[in-house]
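The values are calculated or read from the model by the stated rules, or taken from the named source; none is laboratory data. Everything quoted here is computed from the prediction, not taken from an experiment. Cβ sites come from the backbone with ideal geometry, for glycine too, and all protein chains shown count toward neighbours.
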Amino acid sequence: MEWSRVKSIMIGVFSIINVLLFIGYIGTIKTGVSVSEETVGNTVAILGANNVAARADVIPRKTREIRAFSVKNRFASPQAAADSFWARAQSGGLEYFNPQSVTIGENSFEYRARDGAAFGGAASGKLDKKSAEAGAKKIAALLGMTAGMTIETEVRERGGEYTVLFRQVYEGNAVLDTCLTFTLDARGVTRIYGENWLCGEIDGGGFSPVRSAAEILVGFAVSGNRAHAVEITDIQQGYFAGSGNDAGSAEVVPVWKISTDDGNAYYYDARNGDALR
């Protein structure tokens, strides 16, 4: 066997051993303890060796315990949710979620107004961020979309069109894979879209120790061969609801969410490092 080939094999073996030793080390970092800058640097190096770029300042240094919880969902499916929203809209003389204007996905519902059904019963003619947010909140409450969890909102404007983003939050941590979005213009609401949206009662559980972002990132780096290089743009700690939240109790788990520059998002169970999606 040629020496150059033996040398390459040995380098590969030692690289694997180093990664395994590093994983073993970062696995001992306790919740609430900040990882060292050396650990962050080693994590960036392992990512780079596996076709993943990441800036050191993107990697969170500290972990915190986070409480798992479950939701007793009111609806068996997105269709059932849309039907409920339509019934409540009719009781107020409104057209939101008229079945002729609704599209149902596996885990999503979408309403598109045919003529821009207006919030508040009439088109405002004037709209700004404050009135768009107030109008969206009013409709969401009327339709029964925001019961059961703390809601945070964000408003974006582009060319006279406003988007109001609703985020579900539990004890200060966002549920990262759910969304509810209202789109409005001067005519009123033109679109309502929801995915994995939780509508139900909360049952809190105990606090769970979580793995550091560095440990999760090393697992992400060695999880498989990549056809092209990617860059990590954001890492967030929060919750993952997942798909298929049928009527009944659904567990919502603590996660790390890894976002990359190709538009993909990856969710890892923060308690054990398992890839969820």
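Table for the structure above
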{"read-out": "Of residues in region 142-152 being outside any loop (DSSP other than H, G, I, E, B) and surrounded by fewer than 16 Cβ atoms within 10 Å (Cβ to Cβ), the one nearest to the chain's Cα centre (by Cα)", "value": "E152"}
{"read-out": "Qualifying residues in region 107-141 (those that are under 16 Å from G93 (Cβ atoms), buried (at least 16 other Cβ atoms within 10 Å of the Cβ) and not small (G, A, S)) - the one modelled with the lowest pLDDT", "value": "F119"}
{"read-out": "Filter pass, L176 being out of contact with any strand residue (DSSP E or B) (no Cβ under 8 Å at 6 or more places or on another chain) and closer than 25 Å to Q79 by Cβ", "value": "no"}
{"read-out": "Test: residue in region 79-94 that is outside any helix (DSSP H, G or I), within 25 Å of the chain's Cα centre (by Cα) and modelled with pLDDT under 90", "value": "no"}
{"read-out": "Residue check, I26 more than 29 Å from T178 (Cβ to Cβ), surrounded by 19 or more Cβ atoms within 10 Å (Cβ to Cβ) and at pLDDT below 90", "value": "yes"}
{"read-out": "Residue within region 41-52 that is within 22 Å of the chain's Cα centre (by Cα) and either crowded, with 19+ Cβ neighbours inside 10 Å or at pLDDT 90 or above (or both) present", "value": "yes"}
{"read-out": "Flag for G172 being under 21 Å from R64 (Cα atoms) and not β-branched (V, I, T)", "value": "yes"}
{"read-out": "Test result for V218, touching a helix residue (DSSP H, G or I) at 6+ places or on another chain (Cβ under 7 Å), in the same structural domain as V44 (by TED's automatic domain parsing) and among the aliphatic types (A, V, I, L, M)", "value": "yes"}
{"read-out": "Pick from region 232-258, criterion of a type in the set (A, V, I, L, M) and over 19 Å from F220 (Cβ atoms), ranking: modelled with the lowest pLDDT", "value": "A247"}
{"read-out": "Selection status of V210, of a type outside the set (S, T, N, Q), over 21 Å from G148 (Cβ atoms) and over 20 Å from the mean Cα position of the chain (by Cα)", "value": "no"}
{"read-out": "Segments classed as strands (runs of 3 or more DSSP E), wholly inside region 160-263, with at least 3 members that are closer than 16 Å to R277 by Cα", "value": "230-240, 248-260"}
{"read-out": "Failed item, numbered, when T190 is tested on (1) modelled with pLDDT under 90; (2) crowded, with 17+ Cβ neighbours inside 10 Å; (3) in contact with a Gly (Cβ under 6 Å, 6 or more places away or on another chain)", "value": "(1)"}
